[in-house]
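Enquirer: Before anything else, here's the structure in question.
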Amino acid sequence: MLLDVSKIEASYGASQALFGVDLAVEEGQAVALMGRNGMGKTTTIRAICNLNPPRAGSVRLAGTDLKGKPSHRVAKLGIGLVPEGRRCFPNLTVHENLIAAARPGAWSLERVNDLFPRLAERHAQMARSLSGGEQQMLAIGRALMTNPRLLILDEATEGLAPVIRQDIWAAIRKLKAEGLSILVVDKTLSELLPVADRCVILENGRSAWHGTPAELSADLQDRYLGV
Amino acid sequence: MTLALALEQLLNGLQLGVMLFLMAAGLTLIFGVMGLINLAHGSLYMVGAFACAAVAAATGSFWLGLVASLACAAAAGAIVELLVIRRLYDRDHLDQVLATFALILMFSEGTRWLFGSFPLYLDIPPLLQGAVALPGGAQYPVYRLAIIAAGALVAFGLYLLIGKTRLGMRIRAGESDREMIGALGVDIRTLYTVVFALGAALAGLAGAMVGALQSVQVGMGEPVLILAFVVIVIGGIGSIKGALLGALLVGVVDTLGRLLLPKLVGVFLQPAQAGMIGGAAASMLIYMMMALILAMKPRGLFPAAHA
Ligand SMILES: Nc1ncnc2c1ncn2[C@@H]1O[C@H](COP(=O)(O)OP(=O)(O)O)[C@@H](O)[C@H]1O
Ligand SMILES: [Mg+2]
């Protein structure tokens, strides 16, 4: 088991947002973390990365308990985060965004540039001047440059034009085909389900359903994901 | 007024500016990157001056003293950051001001306890003694020119460090999104200690270099600290480029103001009165300049991109 999240609870100040989330990612798997808006997907991700350390339950990465480890230690243990809202460093160039936190491994500047040729074209440009889609590519490239064992993508296609979405999904499929383990949050089921090996659905801060994409019937979709 | 005098005063202004830049660079980095108001920055300047004077007196070498000033100020900065400052990043500015003011008192008393109340003196190293002729015939001390050169070198070094190295990228990334750079695996706490020690070393260097021009004594840092705050406010808080320009501006305007304003007032008034009024106006000149610049550019000449 690469990532093993067990019964985690997390709060923002006094208001509790997670009441018991279980989720697991096997080596080489892509797991879809699903649920309507506000159900706790981003909070779960923040808890895994110890950005909002869980106040109960446990998170283990390749057997190592992450409890009490600052977020930079969690990252070094192998989690690459592509956060909600992209959060590129606007005052750094594309190239600097990619190398500032890079760690050695299979992913290099060349490979990221192959994956996203648009980034190579813009390497000397300030990240603030990129389009939303390019910023998303940069956020993914930046996480890959840390050579993670597990890539976490939170709403990586949110608010992007359809053409750009296709590019992002193509990249995600390529990463999965290369054997990278991925935890992915996205609203576009038609793209998400074919990539995913397993799905976890959150409802009001609890994991409410686990299964394979094939088991996720229209009824279940309607019940947990419909608006 | 002769050309020679004007040139001499201009160089004096540049030298003051360079020294202010060394102080202001650390102050503006620490404020820009960590959001911390550090009143004890002047104490690190004093630490540098005392370390240089003491080691130079013991070994007979100014250059060993200079190395000691960098090492002592950086070490003092790192220790203070680890023990006190890192508890202040998430506090409001009033807490920071109070705690770092307490540090000033501790540094001052500690220094008095170690070295006594009498000032120390530091000689200009033999290599840099003497003077060169300026166009117009005046003689100008080599040592002051060396300070200007050292400041230019530090400015260039900082430009490379912040602009071209990975450490610099991480500092800038931390400025715009501290949580994110941590989530990518950069230990921001260690980074902050390094930035603080770097700023402290620059303050210590300034103190050591000025130590050979003035007496080295407790309390020498605070007047410089006030000017350095004026500099970073003028330059735009967080901007090294702004600190450089602001420092040179303050240095030159202050120095030339003290020379020219009494003469200017002398056109209208008796010499004695002119000296008094002109002198008073000159000492207010940089504050008037700051007010003027802030009226036109409220965030300083080079406002940092974020915030
Ligand atoms: N910064 C925050 N402060 C307080 N409450 C928050 C914050 N972020 C999210 N929440 C709350 O936590 C719950 C889960 O939110 P989130 O994890 O962002 O959901 P999702 O990513 O599934 O849309 C929501 O009720 C939301 O209002
Ligand atoms: Mg979310």
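Enquirer: Say whether the condition of being in contact (Cβ under 8 Å) with a residue 60 or more places away in the chain and either within 15 Å of ligand 1 (Cβ to nearest atom) or among the basic types (Lys, Arg) (or both) is met by at least one residue in segment A:48-57.
Expert: Quick first cut of segment A:48-57, residues in contact (Cβ under 8 Å) with a residue 60 or more places away in the chain only: A:48-49.
Still in the list and also either within 15 Å of ligand 1 (Cβ to nearest atom) or among the basic types (Lys, Arg) (or both): A:48-49.
Yes - at least one qualifying residue is present in segment A:48-57.
Enquirer: Look at segment A:94-118 and say how many of its residues are facing chain B (nearest Cβ under 9 Å) and surrounded by fewer than 18 Cβ atoms within 10 Å (Cβ to Cβ). Break it down into steps so the answer makes sense when it comes.
Expert: Within segment A:94-118, the first condition is being facing chain B (nearest Cβ under 9 Å), and the residues that meet it are A:96-97, A:99-103.
Checking the rest, the ones that are also surrounded by fewer than 18 Cβ atoms within 10 Å (Cβ to Cβ) come to A:99, A:103.
Number of matching residues: 2.
Enquirer: Given the conditions (1) within 14 Å of chain B (Cβ to nearest Cβ); (2) surrounded by fewer than 23 Cβ atoms within 10 Å (Cβ to Cβ); (3) under 18 Å from the mean Cα position of the chain (by Cα), and given that A:Pro70 satisfies all but one, which numbered condition is not satisfied?
Expert: Unmet condition: (3).
Enquirer: Another question about this same structure. Look at segment B:177-197 and say how many of its residues are more than 8 Å from chain A (Cβ to nearest Cβ), buried (at least 21 other Cβ atoms within 10 Å of the Cβ) and either in contact (Cβ under 8 Å) with a residue 40 or more places away in the chain or more than 14 Å from B:Leu29 (Cα to Cα) (or both).
Expert: Selection size over segment B:177-197: 4.
Enquirer: OK, next. Condition test on A:Gly179, is it within 16 Å of ligand 2 (Cβ to nearest atom) and either surrounded by 15 or more Cβ atoms within 10 Å (Cβ to Cβ) or not basic (Lys, Arg) (or both)? Steps first, answer last, please.
Expert: Working: within 16 Å of ligand 2 (Cβ to nearest atom): no; either surrounded by 15 or more Cβ atoms within 10 Å (Cβ to Cβ) or not basic (Lys, Arg) (or both): yes.
In short, no.
Enquirer: If I filter segment A:150-176 down to residues being within 16 Å of ligand 2 (Cβ to nearest atom) and of a type outside the set (A, V, I, L, M, F, W, C), which single residue comes out as most open to solvent (accessible area, probe 1.4 Å)?
Expert: Going residue by residue through segment A:150-176, those that are within 16 Å of ligand 2 (Cβ to nearest atom) are A:152-160.
When the remaining residues are screened for being of a type outside the set (A, V, I, L, M, F, W, C), the result is A:154-155, A:157-159.
On the way: A:Asp154: 4, A:Glu155: 13, A:Thr157: 3, A:Glu158: 93, A:Gly159: 74 Å².
The extreme case among them is A:Glu158.
Enquirer: Quick check: anything in segment B:127-135 at pLDDT below 90 and either open to solvent by 50 Å² or more (accessible area, probe 1.4 Å) or not aliphatic (A, V, I, L, M) (or both)?
Expert: Narrowing segment B:127-135 to residues at pLDDT below 90: B:133-135.
Retained after the next criterion (residues that are either open to solvent by 50 Å² or more (accessible area, probe 1.4 Å) or not aliphatic (A, V, I, L, M) (or both)): B:133, B:135.
Yes, because at least one residue in segment B:127-135 is at pLDDT below 90 and either open to solvent by 50 Å² or more (accessible area, probe 1.4 Å) or not aliphatic (A, V, I, L, M) (or both).
Enquirer: With segment B:208-303 as the region, which helices (runs of 4 or more DSSP H) entirely inside it contain at least 2 residues that are among the acidic types (Asp, Glu) and open to solvent by 70 Å² or more (accessible area, probe 1.4 Å)? Before the answer, list the steps.
Expert: Values: elements: B:221-235, B:240-266, B:271-296.
By residue number, no helices (runs of 4 or more DSSP H) qualify.
Enquirer: If you don't mind, another one. Need at least 2 residues that are out of contact with any Asp or Glu (no Cβ under 7 Å at 6 or more places or on another chain) and farther than 29 Å from A:Ala214 by Cα per element, so show me which helices (runs of 4 or more DSSP H) inside segment A:1-117 make the cut, counting only ones lying wholly within it. Working first, answer last.
Expert: On the way: elements: A:41-48, A:71-77, A:94-99, A:109-115.
Once the helices (runs of 4 or more DSSP H) in segment A:1-117 are filtered for at least 2 residues that are out of contact with any Asp or Glu (no Cβ under 7 Å at 6 or more places or on another chain) and farther than 29 Å from A:Ala214 by Cα, what remains is A:71-77, A:94-99, A:109-115.
Enquirer: Yes or no: segment B:50-57 includes at least one residue that is over 19 Å from B:Leu198 (Cα atoms) and either open to solvent by less than 10 Å² (accessible area, probe 1.4 Å) or not aliphatic (A, V, I, L, M) (or both).
Expert: yes
Enquirer: Being open to solvent by 50 Å² or more (accessible area, probe 1.4 Å), within 20 Å of A:Asn147 (Cα to Cα), more than 16 Å from ligand 2 (Cβ to nearest atom) and more than 14 Å from chain B (Cβ to nearest Cβ): is that true of A:Arg60 here? Let's see the steps before the verdict.
Expert: Details: open to solvent by 50 Å² or more (accessible area, probe 1.4 Å): yes; within 20 Å of A:Asn147 (Cα to Cα): yes; more than 16 Å from ligand 2 (Cβ to nearest atom): yes; more than 14 Å from chain B (Cβ to nearest Cβ): yes.
So A:Arg60 passes the test.
Enquirer: Something else about it: Which of the residues that make up segment A:40-57 are open to solvent by 20 Å² or more (accessible area, probe 1.4 Å) and near ligand 2 (Cβ under 9 Å from one of its atoms)?
Expert: Matches in segment A:40-57: A:Thr42 only.
Enquirer: Yes or no: B:Thr100 open to solvent by less than 50 Å² (accessible area, probe 1.4 Å) and of a type in the set (Ser, Thr, Tyr)? Can you show your working first?
Expert: Working: open to solvent by less than 50 Å² (accessible area, probe 1.4 Å): yes; of a type in the set (Ser, Thr, Tyr): yes.
It is true that B:Thr100 is open to solvent by less than 50 Å² (accessible area, probe 1.4 Å) and of a type in the set (Ser, Thr, Tyr).
Enquirer: Further question on the same structure: Could you tell me which numbered condition A:Gly85 fails, if it satisfies all but one of (1) more than 16 Å from ligand 2 (Cβ to nearest atom); (2) within 14 Å of chain B (Cβ to nearest Cβ); (3) surrounded by fewer than 17 Cβ atoms within 10 Å (Cβ to Cβ)?
Expert: (1)
Enquirer: Could you tell me how many of the residues in segment B:91-119 are closer than 18 Å to B:Leu27 by Cβ and hydroxyl-bearing (Ser, Thr, Tyr)?
Expert: Selection size over segment B:91-119: 1.
Enquirer: Would you confirm whether or not segment A:119-139 contains a residue that is within 11 Å of another protein chain (Cβ to nearest Cβ), open to solvent by 50 Å² or more (accessible area, probe 1.4 Å) and of a type outside the set (Asp, Glu)?
Expert: So in segment A:119-139, the residues within 11 Å of another protein chain (Cβ to nearest Cβ) come out as A:126-128, A:139.
Pick out the ones that are also open to solvent by 50 Å² or more (accessible area, probe 1.4 Å) and you get A:126, A:128.
Now restrict to residues that are of a type outside the set (Asp, Glu): A:126, A:128.
The answer is yes, given that some residue of segment A:119-139 is within 11 Å of another protein chain (Cβ to nearest Cβ), open to solvent by 50 Å² or more (accessible area, probe 1.4 Å) and of a type outside the set (Asp, Glu).
Enquirer: In addition: Between B:Val267, B:Val250, which is in contact (Cβ under 8 Å) with a residue 60 or more places away in the chain and farther than 20 Å from B:Gly35 by Cβ?
Expert: On the way: B:Val267 fails: in contact (Cβ under 8 Å) with a residue 60 or more places away in the chain.
Only one candidate passes the filter, namely B:Val250.
Enquirer: For the structure I just gave you, tell me whether A:Leu202 is away from chain B (no Cβ under 14 Å), within 14 Å of ligand 1 (Cβ to nearest atom) and aliphatic (A, V, I, L, M). Break it down stepwise before answering.
Expert: On the way: away from chain B (no Cβ under 14 Å): yes; within 14 Å of ligand 1 (Cβ to nearest atom): yes; aliphatic (A, V, I, L, M): yes.
Judged against the criteria, A:Leu202 is a match.
The values are calculated or read from the model by the stated rules, or taken from the named source; none is laboratory data. Since the structure is predicted, the reported quantities are computational estimates derived from the model, not experimental observations. Virtual Cβ from ideal backbone geometry, glycine too; neighbours counted across all protein chains shown. Surface areas here come from the heavy atoms of the whole protein model, side chains and all, with no ligands, DNA or RNA. Shrake-Rupley method; radii C 1.70, N 1.55, O 1.52, S 1.80 Å.
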